[in-house]
Amino acid sequence: MRRRRRRGLPPPQVLVETPDWSFSSGDVDRPFHAASAGKLLTAALVAGLVERGRFGFDTPIGRLLPAVDTDGLPAVDGFDAAVDLTVDHLLAQTSGLPDFFDPPRGRRTTASIGAVVAHPERRFTPSDLLDAARGLPAVGPPGERFHYSDTGWVLLGRIAEEATGEPFATLLRTRVFEPAGMEQAATPYDVTLLPDDLGSIDVEPFWLRGHELSRAHAVSLDWAGGNVVAPPRDWLRFLRALRGGALVSESTLARLERPRHRFRRGIRYGAGTMTLRFDELVPVVGRGLPAAVGHLGVWATHVVAYPEHDTFVVLNFHADREMNASFQLQMRIASLLRRGVAQQAQPSNRLAVDGDHHEDRWS
């Protein structure tokens, strides 16, 4: 196995809580940007609005958004996004909309991975992001094909705003952070809050394609797709609140978590949630390991629960190239849960975090 040093990356932030023991490593009181793991909060917010009768999962987005948001959205022949695309399609990543952040080969957008790295000073409004998607071809008819796309999350954020008359950042604070007891959670990269000088933002550094972006205005492109900063202890509070009924009902949570599509080997997608199946990821080693459900972020962030073990796990490995290392640790945690480490004397010794090494490949 070829290994290499983490080359100056901070130690991973790790927080694990079971009914019988807990483990932490790194600075678990320091906020980190969770990237797409923050999609869990948007999903909970939208699902909560459904439960309050503001709209339904099957409501066409044209009934919820003004034409300025829906006009010109990519659609295959014979379909109209405003009429045929629903809230559920957006949550389940079956909208047929292209992804402005990771466009098809040979295509570029102003909000793609490459553009963000090349122009970190650029700010993005929701309309900027939708405009970036409008220049791309549709993936397919709504409901027929799974395709991970941040474009749909911009629309979900706008739907929440239109349904309530409140800014998205305010909605997260009042309807998710506060009910969940997330005392330090914030959205400092929201374009409506983003300061000119980002030096005052208290956040762990994070890298994308070798570029450190914690002081980049371009991070504003995440918006409703996961632009939340919070310390591991707050993310753990969120997981407890989500599973404890403080944000959505048990039946609605089951709907969000039901796996529907294959994201990639070992990861199934529900409606704003991912289920990690280690027996699919590494068939021999992962056989019999419990499944984790939650969401991942591009710089190797994990916010997940192991429901059958009443266990919560929050990981931040700081960089996209550390994804494989984060999965190795996640599998170690799952293995300890399977073996019933709570019955053993020193579980922390069995979960030592190797902060200096990792495998180079994420399977």
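The values are calculated or read from the model by the stated rules, or taken from the named source; none is laboratory data. On a predicted model such as this, the values are computed, not experimentally measured, just so you know. Virtual Cβ from ideal backbone geometry, glycine too; neighbours counted across all protein chains shown. What goes into the accessible areas is simple: the full protein's heavy atoms, side chains included, and nothing from ligands, DNA or RNA. Shrake-Rupley method; radii C 1.70, N 1.55, O 1.52, S 1.80 Å.
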>> Can you pull out every residue in region 48-78 that is in contact (Cβ under 8 Å) with a residue 24 or more places away in the chain, small (Gly, Ala, Ser) and within 29 Å of residue 250 (Cα to Cα)?
In response: 48, 56
>> Return the residues of region 306-336 that are of a type outside the set (Gly, Ala, Ser), in a helix (DSSP H, G or I) and out of contact with any Lys or Arg (no Cβ under 8 Å at 6 or more places or on another chain); say none if nothing qualifies.
In response: 308, 309, 321, 323, 327, 328, 329, 330, 331, 332, 333
> among the basic types (Lys, Arg) and either in contact with a Leu (Cβ under 9 Å, 6 or more places away or on another chain) or more than 18 Å from residue 151 (Cα to Cα) (or both) - does that describe any residue in region 85-105?
Replying inline: no
> Out of (1) in a helix (DSSP H, G or I); (2) farther than 14 Å from residue 295 by Cα; (3) open to solvent by 10 Å² or more (accessible area, probe 1.4 Å), what's the single condition that is false for residue 245?
Replying inline: (1)
>> Filter region 99-116 down to the residues that are farther than 23 Å from residue 168 by Cα and open to solvent by 30 Å² or more (accessible area, probe 1.4 Å) and list them by number.
In response: 102, 104, 105, 106, 107, 108, 114
> Mind checking which pairs have a first residue in region 142-166 that is over 13 Å from residue 87 (Cα atoms) and a second that is among the acidic types (Asp, Glu) and part of a helix (DSSP H, G or I), Cβ under 9 Å, 6 or more apart or different chains?
Replying inline: 150/222; 162/69
> Based on what the data block shows, is residue 286 open to solvent by less than 50 Å² (accessible area, probe 1.4 Å) and in contact with a strand residue (DSSP E or B) (Cβ under 8 Å, 6 or more places away or on another chain)?
Replying inline: no
>> Just the residues that are assigned to a loop (DSSP other than H, G, I, E, B) and out of contact with any Lys or Arg (no Cβ under 9 Å at 6 or more places or on another chain), please, taken from region 50-65.
In response: 52, 53, 54, 56, 58, 59
> So which residues in region 117-129 are surrounded by fewer than 22 Cβ atoms within 10 Å (Cβ to Cβ) and either on the phi > 0 side of the Ramachandran plot or not small (Gly, Ala, Ser) (or both)?
Replying inline: 117, 119, 120, 121, 122, 123, 125, 126, 128
